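Data first, discussion second: the structure below is written as structure tokens.
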Amino acid sequence: MHTITDWLRGLSGPVVYAAVGGMVCAEDALFFSFFIPGETAAVLGGFIAHQGSVSLGWMILVVVCAAVLGDTVGYEIGRHLGPAILRTRPLRRHAQRVATAQDLIRRRGPAAVFVGRFIAFFRPLVPSLAGMSRMPYRRFLFYNALGGLAWGVGFTLLGYFAGAAYTRVEGTVGRVTAIAIAVAVAVALLVWYLRRHRSRGREPSDDSGGGQEP
């Protein structure tokens, strides 16, 4: 994650928006959550916004729009490809979770679109299942937009405040390090002074002892 952050910080503002938005959108549309979780991209976007490279407001807007757009693409993929999606290799490996997501759609209906937005594995899967089940798009869009708004704002702000906390911790660590160095130097000087004082204290006794010899 540190490497991705450094990479994003080295990009220009518009490219940062495009990179974060692309990762969020691709997760939902192309099942990229197996590689880069969308919340990681959103948190990174907020963190970069705190660094001053991009605007927090625009980053939130990009993340929310990318989340809604990604879910819409996932819905259309499920609607047109149908059960063939479930036979792909990544989903065959997680048959039990897929079954749980299908059950969530059956029990919760459109509300599952909102709930699924906050569960990492379900986030890219539920929109496709909603399209597969022929859920009316307007109903899907309402819960999709509601979930995307809550999720996008929440995770982007989480990254922003994490950046603020990191800056405070970094400053505190800097002060603590300076104090530790100062204490170490003071102790070293004290030890040096005591040793020098002790060595000087021995010199008169040695001279007096030497004078009493016959």
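Does ALA130 satisfy being loosely packed, with under 14 Cβ neighbours inside 10 Å and among the hydrophobic types (A, V, I, L, M, F, W, C)?
So ALA130 does not fit the description; no.
Is there any pair with a first residue in the stretch 135-163 that is closer than 21 Å to LEU104 by Cβ and a second that is among the polar types (S, T, N, Q) whose Cβ atoms are under 8 Å apart and which are 6 or more apart or on different chains, and what are they?
If the second residue must be among the polar types (S, T, N, Q), the pairs left are LEU141/THR72; ASN144/THR72.
Specify the residue that is least open to solvent (accessible area, probe 1.4 Å); the eligible residues are those in the stretch 27-47 that are assigned to a helix (DSSP H, G or I) and at pLDDT below 70.
Per the stated criteria, the residue is SER33.
Could you tell me whether the stretch 51-62 includes any residue that is within 14 Å of GLY159 (Cβ to Cβ), at pLDDT below 85 and touching a Gly at 6+ places or on another chain (Cβ under 8 Å)?
Looking through the stretch 51-62, at least one residue is within 14 Å of GLY159 (Cβ to Cβ), at pLDDT below 85 and touching a Gly at 6+ places or on another chain (Cβ under 8 Å).
Out of the stretch 48-63, which residues are surrounded by fewer than 22 Cβ atoms within 10 Å (Cβ to Cβ) and either farther than 15 Å from TYR160 by Cα or small (Gly, Ala, Ser) (or both)? Spell out how you get there, then give the answer.
Here is the first cut: in the stretch 48-63, the residues surrounded by fewer than 22 Cβ atoms within 10 Å (Cβ to Cβ) are 50-53, 55-58, 61.
Once the filter is applied, which keeps residues that are surrounded by fewer than 22 Cβ atoms within 10 Å (Cβ to Cβ) and either farther than 15 Å from TYR160 by Cα or small (Gly, Ala, Ser) (or both), the stretch 48-63 yields GLY52, SER53, SER55, GLY57.
When residues of the stretch 134-156 are filtered for being surrounded by fewer than 21 Cβ atoms within 10 Å (Cβ to Cβ) and out of contact with any helix residue (DSSP H, G or I) (no Cβ under 6 Å at 6 or more places or on another chain), how many remain? Steps first, please.
The initial filter retains those residues of the stretch 134-156 that are surrounded by fewer than 21 Cβ atoms within 10 Å (Cβ to Cβ), namely 134, 136-139, 141-142, 145-146, 149-150, 153-154.
Remaining after also requiring out of contact with any helix residue (DSSP H, G or I) (no Cβ under 6 Å at 6 or more places or on another chain): 134, 136-139, 141-142, 150, 154.
Result for the stretch 134-156: 9.
Condition first: of a type outside the set (A, V, I, L, M), part of a helix (DSSP H, G or I) and closer than 13 Å to ALA130 by Cα. Now tell me which residues in the stretch 94-115 satisfy that. Lay out the reasoning, then the answer.
Here is the first cut: in the stretch 94-115, the ones of a type outside the set (A, V, I, L, M) are 94, 96-97, 100, 102-103, 106-110, 114.
If we keep only those that are part of a helix (DSSP H, G or I) too, we end up with 96-97, 100, 102-103, 106-108, 114.
Result: GLN102, ASP103, ARG106, ARG107, ARG108, PHE114.
Return the residues of the stretch 116-132 that are in a helix (DSSP H, G or I) and either of a type in the set (Lys, Arg) or free of Cβ contacts under 8 Å to residues at least 12 places away in the same chain (or both); say none if nothing qualifies. Let's see the steps before the verdict.
Of the residues in the stretch 116-132, the ones in a helix (DSSP H, G or I) are 116, 122-132.
Result: ARG123, single match.
Which one is nearest to ARG138 (Cα to Cα) among residues in the stretch 66-85 that are surrounded by fewer than 17 Cβ atoms within 10 Å (Cβ to Cβ) and hydrophobic (A, V, I, L, M, F, W, C)? Talk me through it step by step, then tell me what you get.
Filtering the stretch 66-85 for residues surrounded by fewer than 17 Cβ atoms within 10 Å (Cβ to Cβ) gives 76, 80-84.
Applying the additional criterion that residues be hydrophobic (A, V, I, L, M, F, W, C) yields 81, 84.
Numbers: LEU81: 20, ALA84: 24 Å.
Only one residue tops the list, namely LEU81.
Mind listing whichever residues of the stretch 43-58 are under 11 Å from TYR17 (Cβ atoms) and out of contact with any Ser or Thr (no Cβ under 6 Å at 6 or more places or on another chain)?
Quick first cut of the stretch 43-58, residues under 11 Å from TYR17 (Cβ atoms) only: 45, 48-49, 53-55, 58.
Residues satisfying the conditions are ILE48, ALA49, SER53, VAL54, SER55, TRP58.
The values are calculated or read from the model by the stated rules, or taken from the named source; none is laboratory data. Remember, it's a predicted structure, so these values are computed and weren't measured experimentally. Cβ sites come from the backbone with ideal geometry, for glycine too, and all protein chains shown count toward neighbours. The area values use the complete protein model at the heavy-atom level, side chains included, leaving out ligands, DNA and RNA. Shrake-Rupley method; radii C 1.70, N 1.55, O 1.52, S 1.80 Å.
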